[in-house]
Amino acid sequence: MNRELILEIGTEEIPAGYLPPAIEQLKKLVVKELAGQRLSHGDVAVYATPRRLALIVQGVSERQDANVKEVLGPARGVAFGDDGKPTRAAEGFARGQGVAVGDLKIIDTPRGEYVAAVKEETSAPAMEILPQMMSRMITSLHFPKYQRWGYGNLRFPRPIRWILCLLGTEIVPFELDGIVSGRKTRGHRFLSPGPFEVPNTGEYLKIIRNANVVLDQDERRKIIEAGVIKAAAGVNGVPIDAPELLDEVTFLVEYPVVLLGSFEEKYLSLPWEVLITSMGSHQRYFAVIDGKGNLQPNFITVSNTRTDDDTVVIKGNERVLRARLEDGMFFFQEDRKVPLEQRIEELKDVVFQEKLGTSFEKMERFSEIARTLAEAVAPDRVDEVLQVAYLCKGDLVTQMVGEFADLQGVMGKEYALLEGVGEEVAQGIVDHYLPKTSGGKTPGTVGGAVVSIADRLDTVCGCFGIGITPSGTADPYGLRRHALAIIAILMDQGWRVSISDMMVRSLDLLQGKIDIPSEEVTARLHEFFKGRLQNLFTGKGHRYDLVQAVLEEQWEDPVDAAARLEALGDFAQQAGFTDLMLSFKRVMNIIPADFRGSLNRDVLSEKAEKELLEAADSVGNQVKGMLAAGDYSGVLIALAALKAPVDGFFDGVMVMDKDPEVRENRLSILAAVSTLFERIADFRKVVTE
């Protein structure tokens, strides 16, 4: 008979952001573990609240599934002599597998007949296997940060207070650092603290619900979403769209109670972002807007408990928000007394990095990089770009950003607009912080895009120049994110520029700050950016070998590299691609690595020589314009025409002729063919097997 398995890990309040990944991890872990232990099962569900991770597995088998294991041994001819008697090889194999020689079987394989030992593995009860499995799963969960508590060595994001683990009616017994598994759970911290005994797995969900815990995160999310919409409608408004906030609040509560509060209308004079940040980022409140999209003097909070008088909770939240908004109002008024442009000098007192200098010095460096880039991609917008570069860090020394760090860039834009700066420049100030996440929105303004690239490149080059590089999961300056952002902006804008050339400019500006030779830094940076592009392209589904082939020839211009890869990927789907690659690899394999010969057309004598050279000349002329126009599909089609003359060349002549002059000439013809292919990618990297 199959039984239900339940594991509940009870803890102090775990940060909301840790829980969604933990849900996925725990589900994958239990499926993998059960399969590895040959325990069949039904549906798997994982739930999480701030105080618990709960796993429910339906229909876990009582015992391991039977398993017949077939271990391949030596070939039949080695295992048995001509007389049919087992050899020492057969005897040794049988002894090693714990079976009698007479029990060995002959099986057919693609490589011929082999002897095999067929063993039936023992089938253990589930209750013998599950204790160690449960313990192993809990300690295998990964979190951004851990805590230790008491005198033990167990690490978890928050202290574990209880473990419930049942298989049907039985306790699955195990111990973690003094915490013994049992059948007791606990309810809501305030409404039903417990503990409560769970007689069997079938009663668990009912007991948890009666203890005022909404265990299912999807159910909690629906309750909160519906409640927020209803509360906003009560003041003729709608909640601002905030899916990330909704997800976070879902994992902040076990028993959601939605409440509507208000604040004084005078605070609506503050910039929208200040109000949204004060409510959402700081207090986890939902803002309310009217039918025209204007903010209303209301907020919606989600409490984690039920009270006799909701007005007490609402008033408490109103007091907290009022204090934050009052601070915001004061900071806003004080900041406006000093123009943004005058604040730039204060950046001389803000250290960006001990060796790399102040934020003012950094601004001067990335301004020069931005000038160079703007002259290449937007020569008519250089002045605008330089103004963005000069002003974009000014709000770092404002009181508002000092209190609300999330508003850096946002307040720079607001202050710039209030001081009469143009819309494009003001938007560029906030845009230069984009993208904020991998795959996030990139800048929508030229100034923001150019300055974002310049600022990030200065950070990456500077850090590499003083020996700060990403290692494993450690990347304190977010260098991987900065590199991906540079690539994303270039690709979204379609700017055909060399990252390598920009690196050279950046490292020149960093002289006197960096302590590693520029040549060494450059080599490391090249590999770093190539690695980011490789991950980016393979992550989008491109073949790993094709990505390598393209990046070996072109990585410095991501837009161009993407175009080559797209064309090559399409071309690789066509019939005959593998045969073409085999022909080309035949060309490459015969050319010595250090070959530097020259072609003498006057000594050509064989028809195959002349035909291949003529074909190479013709294709070379065809692809010149195509390469300049970025028509890589056309180039590949043209190159495919070389297959027949290449094959004819190998069939018609002896490349490595005894006559040195003939041999050099023929290798030179093949080198000319190879050069044509290499103008697209390094086809030696393409896998043809």
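Can you list the HN-Hα couplings for the stretch 100-106, worked out from phi with the Karplus curve (6.51, -1.76, 1.60; θ = phi - 60°), rounded to whole Hz and with x for Gly and Pro?
6, 4, x, 8, 5, 10, 9
Less than 16 Å apart at the alpha-carbon level, and either on another chain or at least 8 residues along: which lysines does that give for LYS540?
Cα-Cα hits under 16 Å: LYS530.
Taking the Cα centre of the stretch 561-685 as the origin, how large is its charge dipole in debye, to the nearest 20, when only Lys and Arg (+1) and Asp and Glu (-1) carry charge on their Cβ atoms?
Roughly 260 debye for the stretch 561-685.
Between the stretch 466-488 and the stretch 597-656, what is the C-alpha centre distance in whole Å?
The stretch 466-488 and the stretch 597-656 have Cα centres spaced 43 Å from each other.
Based on other C-beta atoms within 10 Å, arrange SER262, SER359 from fewest to most.
Numbers: SER262 14, SER359 21.
Fewest to most other Cβ atoms nearby, the residues stand as SER262, SER359.
Over the chain, what is the relative contact order in percent, taking alpha-carbon pairs closer than 8 angstrom and at least six residues apart?
About 7 percent, as a whole number.
For the chain, what does the helix formula give at 222 nm: sum of -39500 (n - 2.57) over DSSP H segments with n ≥ 4, over the residue count, nearest 500 deg cm²/dmol?
For the chain, the value works out to -15500 deg cm²/dmol.
Taking amide hydrogens as modeled 1.01 Å from N in the peptide plane, which residues meet the under 5 Å criterion relative to SER262, leaving out close sequence neighbours?
Distant-sequence amide H within range of SER262: PHE299.
Just to be sure I understand, if you calculate volume of the Cα convex hull per residue in Å³ for this structure, which of (1) 260; (2) 165; (3) 188 do you get?
Entry (1).
Can you check what the net charge comes to around VAL313, using other residues whose Cβ is under 12 Å from the Cβ of VAL313 (Lys, Arg +1; Asp, Glu -1)?
Once positives and negatives cancel, what remains is -1.
Putting +1 on Lys and Arg Cβ atoms and -1 on Asp and Glu Cβ atoms, find which of ALA226, GLY36, PRO379 reaches farthest to the positive end of the dipole of the chain.
So the residue we want is GLY36.
Have a look at THR109, THR305, PRO443 and report the one farthest towards the positive end of the charge dipole of the chain, computed about the Cα centre with Cβ charges (Lys/Arg +1, Asp/Glu -1).
THR305
What does the highest-first list of 68-74, 89-95 look like by mean Cβ count within 10 Å?
Per-residue mean Cβ counts within 10 Å order the peptides as 89-95, 68-74.
When only Cα pairs under 8 Å and 6 or more residues apart are kept, what is the percent relative contact order across the stretch 561-685?
42 percent
Which value, in debye to the nearest 20, gives the size of the charge dipole of the chain about its Cα centre, when Lys and Arg are +1 and Asp and Glu are -1 at the Cβ?
Charge dipole, the chain, about its Cα centre: 2120 debye, nearest 20.
Sequence neighbours fewer than 8 away in the same chain don't count; with that in mind, list the lysines whose C-alpha is under 22 Å from LYS513.
LYS348, LYS355, LYS362, LYS393
Only sites in a loop by DSSP and with at most 16 other Cβ atoms within 10 Å count here; which trypsin sites (Lys or Arg not before Pro) in the stretch 463-504 make the cut? Write out the running numbers ahead of the final one.
Details: sites: ARG480, ARG481, ARG496; in loops: ARG496.
Of the trypsin sites (Lys or Arg not before Pro), the ones in loops of the stretch 463-504 whose Cβ has at most 16 other Cβ atoms within 10 Å are ARG496.
Taking R0 as 56 Å, what's the FRET efficiency between VAL238 and ASP570 from their Cβ-Cβ distance, rounded to 0.05?
0.75
Taking +1 at the Cβ of each Lys and Arg and -1 at the Cβ of each Asp and Glu, which of GLY17, VAL653, GLY412 sits farthest along the dipole of the chain towards its positive end, judged by Cα position relative to the Cα centre?
Of the listed residues, the answer is GLY17.
Please report the net charge: other residues with Cβ closer than 12 Å to the Cβ of ARG136, K and R +1, D and E -1.
Net local charge, ARG136 excluded: 0.
What is the extension gain from LYS315 to ARG111, computed as 0.36 nm multiplied by their sequence separation minus the C-alpha to C-alpha distance, in nm to one decimal? Numbers along the way, then the final one.
Details: separation 204, 0.36 × 204 = 73.44 nm, distance 8.00 nm.
Additional length available on full extension: 65.4 nm.
Quick note: the coordinates plus some simple rules give every number you see, no bench work behind them. Every value quoted in this text rests on a predicted model; they were computed, and no experiment measured them. Reconstructed Cβ throughout: ideal geometry from the backbone, glycine too, with neighbour counts over all protein chains shown.
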